[in-house]
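Trainee: Got a structure here, written out as structure tokens. Questions coming.
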Ligand code: DGL
């Protein structure tokens, strides 16, 4: 059985790469729903339906657990997906999101004034705030939607993305200690952002999820023990493109 990853596009590939670097022994399968990207402006029901079908596809291809490497899906539909899957389709499989591990990572630091950027849906869901409030009252979260970033990142226009983002968050970065990149696509901007804002701590999920997953597997031997260990990697996209072929080559040498 494999570890599955689901995302709307290339953001999740950064997570897959980071997880595979830390845990190379397992078999991995990735499904990127590129034909329906971006998810960030869709309705909650649309996001749920698309994610549900994507996850079922991964289950049909032997994913034992699926990491929803997409904040938008994690924010809007994780609980509903987990309930349906547990109660109706695959009670023995697991679906994990990326928001709770990210909130935990923030809590492990001293940051108290934190800026969160994400898709429109992620920000409007207030999910980060909700999870944070369950754990602490000491952190002030300033949430800001940056819906223009995903299309630019997908089109390989990271410089343009950074320029627009800088102007957009200019006032806010003056009074925060940390920035959460609340969309897996934004991990591709982390290096540039660290150069521009060296005094701000940047939380990037490719640096958070691998350790959290390792820890999860160490606590769940019923899952870990049935994962196969052939180091295989399958990447499925609902729409192929040259850009993705390049990324697959650079990230995974395939
Ligand atoms: N990368 C995804 C996220 O983390 C989704 C981006 C999109 O499809 O809008 O939110």
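Trainee: Want the number for residue 164 to residue 234: 0.36 nm per residue separation, take away the alpha-carbon distance, what's left?
Mentor: Contour length minus Cα-Cα distance gives 21.7 nm.
Trainee: How tilted is helix 209-219 with respect to the longest principal axis of the chain? Cα atoms for both, answer in degrees (0 to 90, nearest 10).
Mentor: Taking the Cα atoms of the chain, the angle to 209-219 is about 50 degrees.
Trainee: Please state, to two decimals, what the Cα-based radius of gyration of the stretch 48-94 comes to when divided by 2.2 N^0.38 Å (N = residues).
Mentor: This ratio for the stretch 48-94 stands at 1.02.
Trainee: Another one. How far is helix 158-173 tilted, in degrees, relative to the longest principal axis of the Cα atoms in the chain, given as a value from 0 to 90 rounded to the nearest 10?
Mentor: Around 50 degrees separate the two axes.
Trainee: May I ask what percent, to the nearest 5, of DSSP beta bridges between residues of the stretch 60-175 are antiparallel?
Mentor: Beta bridges within the stretch 60-175, antiparallel portion: roughly 0 percent.
Trainee: Compute the angle between helix 44-60 and the longest alpha-carbon principal axis of the chain, please, reported from 0 to 90 degrees and rounded to the nearest 10.
Mentor: 40
Trainee: Binning at 10 Å from 0, report for the chain what percent of all alpha-carbon pair distances ends up in each bin.
Mentor: Here the calculated profile for the chain is 7, 33, 38, 19, 3.
Trainee: Cα gyration tensor of the stretch 150-253, axes a ≥ b ≥ c as square roots of the eigenvalues: rounded (a/c below 1.5), prolate (a/b > b/c) or oblate?
Mentor: oblate
Trainee: I would also like to ask the following. What is the P(r) of the stretch 38-121, as percent of Cα-Cα pairs per 5 Å bin from 0?
Mentor: Pair shares across the bins are 3, 14, 24, 22, 16, 11, 7, 3, 1.
Trainee: Take peptides 5-12, 59-66, 180-187, 131-138 and line them up by average Cβ neighbours within 10 Å, highest first, as a rough protection proxy.
Mentor: Highest-to-lowest ranking by the protection proxy: 180-187, 5-12, 59-66, 131-138.
Trainee: For the stretch 1-147, would you read off the P(r) tail past 17 Å as a percentage of all alpha carbon pairs?
Mentor: Within the stretch 1-147, distances greater than 17 Å cover 61 percent of Cα pairs.
Trainee: While we're on this one: So what's the projected area for the stretch 78-196, the Cα convex hull averaged over all directions, in nm²?
Mentor: It is 8.7 nm².
Trainee: Enter the Cα centre distance for the pair the stretch 49-78 and the stretch 85-157, rounded to the nearest angstrom.
Mentor: The stretch 49-78 and the stretch 85-157 have Cα centres spaced 16 Å from each other.
Each value in this text was obtained by applying a stated rule to the coordinates, not by laboratory testing. Remember, it's a predicted structure, so these values are computed and weren't measured experimentally. Cβ atoms come from the backbone with ideal geometry, glycine included; neighbour counts cover every protein chain shown.
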